[in-house]
Amino acid sequence: MPFGLKNAGATYQRLMDRVFQGLVGRNMEVYVDDMIVKSVFGSNHHKDLMEAFGRIRKHNMRLNPEKCSFGIRGGKFLGFMITSRGIKINPDKCKAIQEMKSPSNVKEVQRLTGRIATLSRFLPHSGDKSAPFFKFLKKNAAFELNSECEEAFTRLKEMLSAPLVLSKLVQGLPLHLYFSVGDHAISSVILQEVDGEKRGKVGAQTLADFVVELTPEKGENVSTQWILFVDGSSNDNGSGAGVTLQGPGELVLEQSLRFQFKTSNNQAEYEALIAGLKLAIEVQIDSLLVRTDSLLVASQVNGEFQVKEPALIKYVERVRLLIGRLQQVVVEFVPRAQNQRADALAKLASTRKPGNNRSVIQETLANPSIEEDLVASVDRHETWMNPIIDILAGEPSDVVKYSKAQRREAVHYTLLDGILFRRGFSSPLLRCLPPEKYEVVMTEVHEGVCASHIGGRSLACKVLRAGFY
């Protein structure tokens, strides 16, 4: 064994796993050169020892008698306290942290974070609670112990005053895995129900910690407001609309629409607003603030201006119908200087020439939005999507008529608000397209992203990256 190498410990661990294969996890645990033989009942302990010593003799291993102990019902092992109830935290390690003073330099912060990492299994949400200290471990980070660090240090000592106990899992009972996603880390806990209780006080305390962490504080706004910028453009070269949807965490969704029908400036503004509201509905937004640089559109939607033109009356009715599908919507007028991005997308759509490269994939509307009801009233023709939709949305008695291959294929799809999506393990949801739609998408992707001819495989990959299947 060439000791001194960086991978010596991992190599020795693999050797131990191979020597004691079948015993590890059942009646034996091995961590590098530390071994423990465990028994549920004391009367069977000699049989477990005989089985372990048989493997040791078979592979010509040698033990140090001075470091061996037998017949121990509990004690310190690998830095933890082993008892009949379970694994407890080492009191000496708790005392070391509780007696520490507030860190005054980066070196003391490193010492504290190392001790926290050692006891992380006994500290719920240790990653989130120790996040203020990890900021000082970054390069060129100036040390300054603020109130946030002091509060985290005090909370850490309080948790160590009543640490958790890790109990043994009961074979044959189902496991319950709980996740908690915080701002800085992800926490998890595994529980088992024994006689209808999740490990008694230990499970109750753990779940209580999870509830406290996931419950928003007083005054915290649970629903985040999104901002929608819309603008329409109409000229001699064509007409189009631009939509920019801004969400939390610097999330921005952009859409550029090109119209194949003639519109006025006001109609283009309404088309942009309708497209933005549809996008917000698909994203399932609760609170939305709409900003448009058309005073006429904002005033007519809010009921401040009277609508006299027949075409605009239909547009207002369609907008109010879409607004009713959202919980809270506010439409306000802003100057064009505050709506530059949506204005640029609208001009991009109205002045685009075939073959030009662009960074935003545009959607083409063949008919005005107020005529969608007429288009949707046409009977649905048979496509490859129909059997999948029927299997997902139909009754169990109706699904039987389809073959096993069709039912197995439908598992890879899902229905959201009546729209069929393809789902995968490592890809986002892809919107499924009928034959009359996918040719339009392929044309847009081919002409918009690359002016030269590309092969079928490259074109299919670009369509998938665009979000379609």
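General remarks:
- Set 54, 22, 9: member being open to solvent by less than 70 Å² (accessible area, probe 1.4 Å) and part of a loop (DSSP other than H, G, I, E, B): 22
- Any hit, the stretch 71-82, residues being over 30 Å from residue 160 (Cα atoms) and either of a type in the set (Phe, Trp, Tyr) or surrounded by fewer than 12 Cβ atoms within 10 Å (Cβ to Cβ) (or both): yes
- Qualifying positions in the stretch 274-300 - in contact with a helix residue (DSSP H, G or I) (Cβ under 6 Å, 6 or more places away or on another chain) and either more than 20 Å from residue 338 (Cα to Cα) or in contact (Cβ under 8 Å) with a residue 40 or more places away in the chain (or both): 274, 277, 288, 292, 293, 294, 300
- Odd one out for residue 338, checked against (1) modelled with pLDDT under 85; (2) open to solvent by less than 60 Å² (accessible area, probe 1.4 Å): (2)
- Of the candidates 469, 413, 402, the single residue that is over 26 Å from residue 254 (Cβ atoms), in contact with a strand residue (DSSP E or B) (Cβ under 6 Å, 6 or more places away or on another chain) and either of a type in the set (S, T, N, Q) or surrounded by 13 or more Cβ atoms within 10 Å (Cβ to Cβ) (or both) is 413.
- Output for the stretch 294-325, where each listed residue is assigned to a loop (DSSP other than H, G, I, E, B), touching a strand residue (DSSP E or B) at 6+ places or on another chain (Cβ under 8 Å) and open to solvent by 20 Å² or more (accessible area, probe 1.4 Å): 302
- Among the conditions (1) under 30 Å from residue 442 (Cβ atoms); (2) buried (at least 16 other Cβ atoms within 10 Å of the Cβ); (3) modelled with pLDDT under 85, the only one that residue 375 does not satisfy is (2).
Okay, residues lined up against (1) modelled with pLDDT of 85 or more; (2) out of contact with any helix residue (DSSP H, G or I) (no Cβ under 7 Å at 6 or more places or on another chain); (3) under 29 Å from residue 115 (Cβ atoms):
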position: 3; (1), (2), (3): no, yes, yes
position: 9; (1), (2), (3): no, yes, yes
position: 15; (1), (2), (3): yes, yes, no
position: 23; (1), (2), (3): yes, no, no
position: 41; (1), (2), (3): no, yes, no
position: 73; (1), (2), (3): no, yes, yes
position: 80; (1), (2), (3): no, yes, yes
position: 86; (1), (2), (3): no, yes, yes
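- If the condition is being of a type in the set (Lys, Arg) and open to solvent by less than 60 Å² (accessible area, probe 1.4 Å), then the stretch 236-277 contributes only 258.
- There is at least one residue in the stretch 99-117 that is of a type in the set (Ser, Thr, Tyr) and open to solvent by 50 Å² or more (accessible area, probe 1.4 Å).
- Selection within the stretch 391-427 - assigned to a loop (DSSP other than H, G, I, E, B), modelled with pLDDT of 80 or more and either of a type in the set (A, V, I, L, M) or under 20 Å from residue 465 (Cα atoms) (or both): 411, 412, 423
The values are calculated or read from the model by the stated rules, or taken from the named source; none is laboratory data. What you are looking at is a predicted structure, and each value in this text was computed from that prediction instead of being measured. Glycine also receives a Cβ, built like all others from the backbone with ideal geometry; neighbour counts cover every protein chain displayed. Calculation scope for accessible area: heavy atoms of the full protein, side chains included, ligands and nucleic acids excluded. Shrake-Rupley method; radii C 1.70, N 1.55, O 1.52, S 1.80 Å.
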